[in-house]
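Asker: Here it is: the structure, laid out below.
Laboratory data are not the source of any read-out in this text; all were calculated from the coordinates shown. This structure is a prediction, so every number in the text was calculated from the model and none was measured. Cβ placement follows ideal geometry from the backbone for every residue including glycine, while neighbour counts extend to all protein chains displayed.
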Amino acid sequence: MRAGNSAKTVKEIRIDIEKCTGCRACEMACSAFHAKPRYSSVNPARSRIRVVTDEINDEYVPVRAGNHTRTECDGRHFYQLNGKQYGECSFCRAACPSRDFFIEPDSGLPLKCDMCEDEPPLAEPLCVTVCQPGCLTYEERRLEAEINEPEEREAMENGLQSLVNQHGIEAVIDNLKRLSKGQ
Ligand code: SF4
Ligand code: SF4
Ligand code: SF4
């Protein structure tokens, strides 16, 4: 097993909930950025950021899509925000079989925030750029990380296996082909 220390850049989006107005510009920008071809359509269902909206209490909470999970979790959390209790899955970042959020509507494959990786790179993620109220801000910081190649490979293989288990090998191969063609 080969392991060593290496510095890497961690990209972060800070979320100041107090400043979110619920305008959902971030959802629209994210979906347009990830449309095929790029910017060809706007569909918040394809967005990797979702604004949990509670208009009655004037609460808006942006949540960026995180990792996919194949099974619902057993121990869940209830959140209390300004005296109101929110559902146990409300602010969860996972693409999870228990709900439709962060699931690509056409393919059924899970969506995950990729920080708008592009070539050439964007100055900052698009959701940050369009967030006029300043709820989202972008930061980069250097992190000394221990790199463990076998463990990273195992994590990738586990991720692929869980996609195959959920969607079938044909759907996964079709999407990998599409990605390799940049479609
Ligand atoms: S663009 Fe900013 S203010 Fe508007 S919903 Fe998204 S995070 Fe909130
Ligand atoms: S959506 Fe999140 S919190 Fe809810 S069951 Fe799935 S993983 Fe758990
Ligand atoms: S960083 Fe990019 S991919 Fe992630 S939520 Fe924002 S717009 Fe979407």
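Asker: Going by C-beta contacts inside 10 Å, put THR21, THR71 in order with the fewest on the left.
Answerer: Listed from fewest to most nearby Cβ atoms, that is THR71, THR21.
Asker: Follow-up question, since we're still on this one. Put +1 on the Cβ of each Lys and Arg and -1 on the Cβ of each Asp and Glu in the chain; which of GLY159, PRO121, ALA65 then has its Cα farthest toward the positive end of the dipole?
Answerer: Working it through, the farthest residue towards the positive pole turns out to be PRO121.
Asker: May I pose another question? Could you work out the Rg to Rh ratio of the stretch 10-145, with Rh taken as the Kirkwood radius (inverse of the mean 1/r over all Cα pairs)?
Answerer: 0.96
Asker: Please report ARG93, ARG46 as a ranked list, fewest other C-beta atoms within 10 angstrom at the top and most at the bottom.
Answerer: Listed from fewest to most nearby Cβ atoms, that is ARG93, ARG46.
Asker: Which listed residue (ALA94, LEU109, ILE15) has the Cα farthest towards the positive end of the charge dipole for the stretch 10-145, taking +1 on Lys and Arg C-beta and -1 on Asp and Glu C-beta about the Cα centre?
Answerer: LEU109
Asker: Between ALA35 and GLU88, what is the label-to-label distance in nm when each label sits 7 Å out along the Cα-to-Cβ direction?
Answerer: 3.8
Asker: Can you compute the FRET efficiency between ALA123 and ASP54 using 1/(1 + (r/R0)^6), with r the Cβ-Cβ distance and R0 = 30 Å? Round to the nearest 0.05.
Answerer: 0.40
Asker: Placing +1 on the Cβ of each Lys and Arg and -1 on the Cβ of each Asp and Glu in the chain, which of VAL130, SER40, GLN85 has its Cα farthest towards the positive end of the resulting dipole?
Answerer: After comparing all options, I get SER40.
Asker: For n ≥ 4 DSSP H runs only, could you compute -39500 (n - 2.57) per run for the chain, divide by its residues and tell me the 222 nm figure to the nearest 500?
Answerer: -7500 deg cm²/dmol
Asker: What does the charge add up to near LEU111, with Lys and Arg as +1, Asp and Glu as -1, over the other residues with Cβ less than 12 Å from its Cβ?
Answerer: Counting the neighbours of LEU111, the net charge comes to +1.
Asker: Determine the dipole magnitude for the stretch 10-145: charges of +1 sit on the beta-carbon of Lys and Arg, -1 on that of Asp and Glu, nothing else is charged, the reference point is the Cα centre, and the result goes in debye to the nearest 20.
Answerer: Computed charge dipole of the stretch 10-145: roughly 180 debye.
Asker: Given DSSP loops and a limit of at most 15 other Cβ atoms within 10 Å, what is the longest stretch of the chain that contains no such GluC sites (Glu not before Pro)?
Answerer: Answer - 118-183.
Asker: Same structure again: Pull out the extension gain between HIS167 and PHE78, defined as 0.36 nm times the separation in residues minus the alpha carbon to alpha carbon distance; nm, one decimal.
Answerer: So the extension gain works out to 29.1 nm.
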